[in-house]
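Visitor: Shown below is the structure under consideration.
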Amino acid sequence: LKPAAFEYRAPRTLDEALGLLADNAEAKLLAGGQSLVPVLNFRLASPPLLVDLNRIAALAGISQDADGSLRIGAMTRNRALEKSELVRRANPLLHAAMPYIAHAQIRNRGTIGGSLAHADSAAELPAICVACDAELSIARKGSAMRTVRAAEFFKGFFTTALEPNDILVSIRFPAWPAGRRHGFVELSRRHGDFAIVGVAVTVQGDKANIAIFGAEDVPRLFRNERINPEMARSVAARCKPRSDHHASAEYRSELIEVLTRRALLQASGK
Ligand SMILES: Cc1cc2nc3c(=O)[nH]c(=O)nc-3n(C[C@H](O)[C@H](O)[C@H](O)COP(=O)(O)OP(=O)(O)OC[C@H]3O[C@@H](n4cnc5c(N)ncnc54)[C@H](O)[C@@H]3O)c2cc1C
């Protein structure tokens, strides 16, 4: 199928893009197009206007703030994150997850902002943001930039805190504390497929943040929990995984327990 006809604009500044959104309630933003274009081709959406963010240079880039936090522009390609030495040093969990996102060709185009705004429950980046307490900066015409914590950004199945007029501008990952360790494990049918279940953990001392994705409608975070031998079982017991054509709830529940155990072992260096 081909998409329904639409108007196309490619602004060069954020203000211009915000203005176009404010004037066109039905407009859609185009980032890497890796999720949006299939949606348009299947005519699951038929927006009258596409606002292409690709020429707004200010929306892309990776930098570190004076306090050590990592700031990533929404239009930064996944491949740039994967290849970034700064990301590897400043957030090793984010770096570890990147090769699991689709295939290299898709990571060449796909952006971090597009992935977070799309909010697929089986996507890696939403879970990493939640596990790391990332903050998302969001712009809207006529309003001050607002910041939303990742744990509050994902509202439900493909649903986020973004309103139709909003543009996700950047993501800030707080500084990675000395001594923090991480683990990342997922199971998918083939490499590059979305995860059936995945687990991202950070460990600081005897406490862990555990983010489960692919199981419920949004990434599920278990924050600052004391590590104990029953932890993986307890996490699985508190999740409410769905059944779908990929896997039953029972199978996902088993996976949550096994993958949580493996992610914790990974974080402990075993
Ligand atoms: C075969 C295949 C396999 C894939 N496998 C995986 C996988 O394993 N894991 C995974 O995580 N992803 C996977 N993806 C999805 C891929 O990562 C996409 O790149 C990503 O989900 C969307 O990013 P994008 O930049 O292409 O956004 P687009 O497709 O351009 O946009 C997606 C949505 O986000 C909105 N949007 C984009 N940018 C912004 C912004 N700055 N502010 C507000 N709204 C915005 C758009 O309007 C649209 O609704 C796969 C895709 C394909 C085609």
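Visitor: Contour minus end-to-end for Ile106 and Arg146, with contour as 0.36 nm per residue of separation and end-to-end as the Cα-Cα distance?
Guide: Taking 0.36 nm per residue and subtracting the Cα distance, the gain is 11.4 nm.
Visitor: From Cα pairs below 8 angstrom and at least 6 apart in sequence, can you work out the relative contact order of region 87-213, rounded to a whole percent?
Guide: 27
Visitor: Please work out the FRET efficiency for the pair Glu250 and Ala45, using the Cβ-Cβ distance as r and a Förster radius of 35 Å; give the result to the nearest 0.05.
Guide: 0.55
Visitor: If you take the Cα Rg of region 91-179 and divide it by 2.2 N^0.38 Å, with N the number of residues, what do you get?
Guide: 1.10
Visitor: Taking the C-alpha atoms of region 226-266, how large are the radius of gyration and the largest Cα-Cα span, Dmax, in Å?
Guide: Gyration radius and largest Cα-Cα distance of region 226-266: 10.7, 35 Å.
Visitor: To one decimal place, what orientation-averaged projected area in nm² is obtained for the convex hull of the Cα set of the chain?
Guide: About 14.3 nm², averaged over all directions.
Visitor: Next up: So for region 123-270, taking the charge dipole from beta-carbon charges (+1 Lys/Arg, -1 Asp/Glu), which of Ala127, Met231, Gln204 sits furthest toward the positive end?
Guide: Farthest along the dipole direction, towards plus: Gln204.
Visitor: Right, another one. With a 1.4 Å probe and all protein chains kept in place, how do Glu135, Glu82 rank by accessible area, largest first?
Guide: Glu135, Glu82
Visitor: Separate question: Grab the Cα-Cα distance for Ser188 and Ala175, subtract it from 0.36 nm times how many residues apart they are, and report the gain in nm with one decimal.
Guide: Taking 0.36 nm per residue and subtracting the Cα distance, the gain is 1.7 nm.
Visitor: Quick one: check the C-alpha center-to-center distance for region 246-270 versus region 199-245, whole angstrom.
Guide: Between the Cα centres of region 246-270 and region 199-245 lies a distance of 9 Å.
Visitor: I would also like to ask the following. Just to be sure I understand: if I project the alpha-carbon convex hull of region 182-270 onto a plane and average over all orientations, what area do I get in nm²?
Guide: For region 182-270, averaging the hull's shadow over all directions gives 5.4 nm².
Visitor: Now a separate question. Taking the Cα-to-Cβ direction at Ile227 and at Glu16 and moving 7 Å from each Cα, how far apart do the two end points lie in nm?
Guide: Label-label distance for Ile227 and Glu16, simple model: 5.1 nm.
Visitor: To the nearest 20 Debye, how big is the dipole of region 4-80 about its Cα centre, given +1 on the beta carbon of each Lys and Arg and -1 on that of each Asp and Glu?
Guide: I would put it at about 360 debye.
Visitor: If I model a spin label as a point 7 Å beyond the Cα along the Cα-Cβ vector, how far apart are those points for Ala5 and Lys240 in nm?
Guide: 4.6
Visitor: Hey, if you put +1 on the Cβ of every Lys and Arg and -1 on every Asp and Glu Cβ in the chain, which of Ser137, Ile72, His95 ends up farthest toward the positive end of that dipole?
Guide: His95
Visitor: Right, another one. I'd like to compare 52-60, 173-181: which one has the highest average count of other Cβ atoms within 10 Å, and what's the full order after that?
Guide: Put in order of decreasing packing, that is 52-60, 173-181.
Visitor: Please compute, for the alpha-carbon atoms of region 4-70, the extent along each of the three principal axes and give them in descending order in Å.
Guide: 46, 24, 17 Å, listed from the longest principal axis down.
Visitor: With no solvent and one equal point scatterer placed on each C-alpha of region 20-109, evaluate the Debye formula and give log10 I(q)/I(0) for q = 0.25 Å⁻¹, two decimals.
Guide: -1.22
Visitor: Given Cβ point charges of +1 (Lys, Arg) and -1 (Asp, Glu) and nothing else, what value in debye, to the nearest 20, does the dipole of the chain about its Cα centre take?
Guide: With Lys and Arg at +1 and Asp and Glu at -1, about 540 debye.
Visitor: Once you keep just the Cα pairs under 8 angstrom separated by 6 or more residues, what percentage relative contact order results for the chain?
Guide: Normalised by residue count, the contact order of the chain is 16 percent.
Visitor: Give me the extension gain from Ala66 to Asp206: residue separation times 0.36 nm, minus the current Cα-Cα distance, reported in nm with one decimal.
Guide: Here the answer is 47.6 nm.
The values are calculated or read from the model by the stated rules, or taken from the named source; none is laboratory data. On a predicted model such as this, the values are computed, not experimentally measured, just so you know. Counting neighbours? That spans all protein chains shown, and the Cβs are built from the backbone with ideal geometry, glycine included. In case anyone asks, the SASA skips ligands and DNA or RNA and just uses the protein heavy atoms, side chains included. Shrake-Rupley method; radii C 1.70, N 1.55, O 1.52, S 1.80 Å.
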